[in-house]
Amino acid sequence: TGMFTYDPGFTSTASCESQITYIDGDAGVLLYRGYPIEQLAENGDFLETCYLLLYGELPTAAQKADFDYRVTRHTMVHEQMSRFFHGFRRDAHPMAVLVASVGALSAFYHDSTDISDPQQRMIASVRMIAKLPTLAAMAYKYNVGQPFVYPQNDLDYASNFLRMCFSVPCEEYKVNPVLSRAIDRIFILHADHEQNASTSTVRLAGSSGANPFACIAAGIACLWGPAHGGANEAALKMLGEIGSVDRIPEFINRAKDKNDPFRLMGFGHRVYKNYDPRAKIMQKTCHEVLGELGIKDDPLLDIAVELERIALQDEYFVDRKLYPNIDFYSGITLRALGFPTSMFTVLFALARTVGWIGQWKEMIEDPGQRIGRPRQLYTGATSRDYVPIARRK
Ligand code: CMC
């Protein structure tokens with residue numbers, strides 16, 4: 001059985017070569033195509049980041065205008081898609097709806113599934129980046145029982161998404177530029193993160209030559225888990241459960257207790273053993289959003305700040321290099337923006353779609369690409385003879 005290297009959780013196995021995203025977990029550095037996440041989040045917009053991740057370079061003004069136009073042209077979803085939504089229960093989790101509806105896109109776009117054709121790969125990519133906000137907003141609207149809102153293509157990507165989520169037919173909707181900038185920045189922060197579980201899932205699914213829409217649906221399914229994209233939802237739930245600043249020590253002690261499965265959600269990261277650089281930008285964005293909305297005292301923010309302060313002084317967290325990750329402050333921000341917790345992971349999926357596509361495209365274009373096929377160390381029964389049921393004890 002000693003033929004293969006056993007590496008549970010793939011902590012030391014590189015599954016691919018990639019030129020997209022670089023993380024130095026010890027230094028707290030995250031680069032997209034060499035550009036620091038801080039600079040992209042501060043100066044650029046999400047579609048520029050999408051272009052960068054997909055093509056490897058920042059776009060010129062003309063390339064950017066062309067890319068924005070192409071994405072904008074594909075924001076509508078087929079009208080028949082809305083009938084799919086009506087088959088779900090009203091209280092269906094929007095992640096369940098998103099997995100299903102993105103998977104269903106593969107049944108609508110037969111023309112962009114010949115993955116050997118670069119042109120078709122690009123059309124499929126643009127379609128997904130364009131349609132994810134529309135599908136995510138529809139999942140939300142269906143949940144709250146309001147009519148779907150069609151995209152409005154003279155708006156930028158983030159503003160259009162906010163409008164599709166929060167406008168209602170009986171009222172005029174005005175986009176607040178501070179809030180749409182915040183959403184845009186959240187999208188940039190989540191756009192890619194090298195070979196995490198969902199991205200590896202997309203690569204593995206894609207390695208068989210599967211339809212790209214189905215591959216992204218597989219990524220969404222993986223992202224859903226609380227140890228991954230579900231952590232922002234879990235972090236906010238935890239802050240609510242803690243309820244008041246004086247109960248923080250009780251929860252810190254539970255997180256340290258090895259007999260208690262409880263963990264501090266939004267804390268710790270497989271790769272970052274220093275402050276998650278995204279968490280810093282997220283914290284700043286959180287304060288900006290609360291400031292813009294005039295929310296002076298958010299009890300959950302008070303709990304979060306105090307929890308972070310106490311944990312970062314505690315030997316347990318210091319020794320294990322456990323710092324807040326991106327999900328720690330994103331939940332508070334998204335809640336302030338008006339999103340229910342069930343939508344948090346949906347927004348993560350929307351933003352990560354470009355990263356998944358970029359990684360999928362890189363893999364397909366790699367001449368050395370083969371189907372992903374991990375091996376195992378077999379620990380089951382050795383060969384034995386079949387026993388007829390009447391003779392089994
Ligand atoms: N609270 C308490 N203890 C923790 C935590 C936590 N949040 N995270 C890790 N530990 C402890 C863990 O018990 C272990 O202790 P010991 O060495 O004594 O057994 C040690 O730290 C190492 O943890 P691990 O589970 O081996 O680390 P991992 O790399 O397998 O897991 C993680 C990384 C992110 C899944 C984990 O830190 C965790 O469960 N965090 C909470 C969930 C979370 O916030 N996830 C979001 C990740 S960032 C966004 C994304 O990528 O989706």
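Among (1) within 9 Å of the ligand (Cβ to nearest atom); (2) under 25 Å from residue 105 (Cα atoms), there is one condition residue 270 misses while meeting the rest; what is its number?
Exception for residue 270: condition (2).
Using the structure shown, decide if residue 210 is free of Cβ contacts under 8 Å to residues at least 24 places away in the same chain and either small (Gly, Ala, Ser) or closer than 19 Å to residue 352 by Cα (or both).
For residue 210, the condition - free of Cβ contacts under 8 Å to residues at least 24 places away in the same chain and either small (Gly, Ala, Ser) or closer than 19 Å to residue 352 by Cα (or both) - is met.
So that you can scan it fast, the table gives a plain yes or no per residue for (1) over 16 Å from residue 238 (Cβ atoms); (2) assigned to a helix (DSSP H, G or I); (3) not polar (S, T, N, Q):
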site: 253; (1), (2), (3): no, yes, no
site: 264; (1), (2), (3): no, no, yes
site: 269; (1), (2), (3): yes, no, yes
site: 273; (1), (2), (3): yes, no, yes
site: 278; (1), (2), (3): yes, yes, yes
site: 283; (1), (2), (3): yes, yes, no
site: 287; (1), (2), (3): yes, yes, yes
site: 297; (1), (2), (3): yes, no, yes
site: 302; (1), (2), (3): no, yes, yes
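Can you pull out every residue in the range 310-329 that is more than 9 Å from the ligand (Cβ to nearest atom) and out of contact with any strand residue (DSSP E or B) (no Cβ under 8 Å at 6 or more places or on another chain)? Steps first, please.
If we filter the range 310-329 for residues that are more than 9 Å from the ligand (Cβ to nearest atom), which is where we start, we get 310, 312-315, 318, 323, 329.
Answer for the range 310-329, where residues must be more than 9 Å from the ligand (Cβ to nearest atom) and out of contact with any strand residue (DSSP E or B) (no Cβ under 8 Å at 6 or more places or on another chain): 310, 312, 313, 314, 315, 318, 329.
Rundown of residues vs (1) under 24 Å from the mean Cα position of the chain (by Cα); (2) of a type in the set (D, E, K, R); (3) over 26 Å from residue 247 (Cα atoms), yes/no style:
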{"site": "270", "(1), (2), (3)": "yes, yes, yes"}
{"site": "277", "(1), (2), (3)": "yes, no, yes"}
{"site": "281", "(1), (2), (3)": "yes, no, yes"}
{"site": "284", "(1), (2), (3)": "yes, yes, no"}
{"site": "292", "(1), (2), (3)": "no, yes, yes"}
{"site": "297", "(1), (2), (3)": "no, yes, no"}
{"site": "302", "(1), (2), (3)": "no, yes, no"}
{"site": "305", "(1), (2), (3)": "yes, no, no"}
{"site": "309", "(1), (2), (3)": "no, yes, no"}
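Just to be sure, is residue 68 surrounded by fewer than 20 Cβ atoms within 10 Å (Cβ to Cβ) and not in a loop (DSSP other than H, G, I, E, B)?
yes
Specify which of the listed residues (51, 55, 32, 69) is modelled with pLDDT of 95 or more and within 16 Å of the ligand (Cβ to nearest atom).
32
Mind checking which pairs have a first residue in the range 364-393 that is surrounded by 10 or more Cβ atoms within 10 Å (Cβ to Cβ) and a second that is at pLDDT 90 or above and among the charged types (D, E, K, R), Cβ under 7 Å, 6 or more apart or different chains?
Here the result reads 364/121; 372/203, each pair linking the range 364-393 to a residue that is at pLDDT 90 or above and among the charged types (D, E, K, R).
Which ones in the range 8-26 are among the charged types (D, E, K, R) and touching a residue at least 60 places away in the same chain (Cβ under 8 Å)?
Correct list: 17, 26.
Looking only at residues in the range 304-339 that are part of a helix (DSSP H, G or I) and aromatic (Phe, Trp, Tyr), which one is surrounded by the fewest Cβ atoms within 10 Å (Cβ to Cβ)?
316
Inside the range 215-231, can you point out the residues that are assigned to a helix (DSSP H, G or I) and either near the ligand (Cβ under 8 Å from one of its atoms) or free of Cβ contacts under 8 Å to residues at least 12 places away in the same chain (or both)?
223, 231
The values are calculated or read from the model by the stated rules, or taken from the named source; none is laboratory data. In this text, all values refer to a predicted model and were calculated from it rather than measured experimentally. Cβ atoms come from the backbone with ideal geometry, glycine included; neighbour counts cover every protein chain shown.
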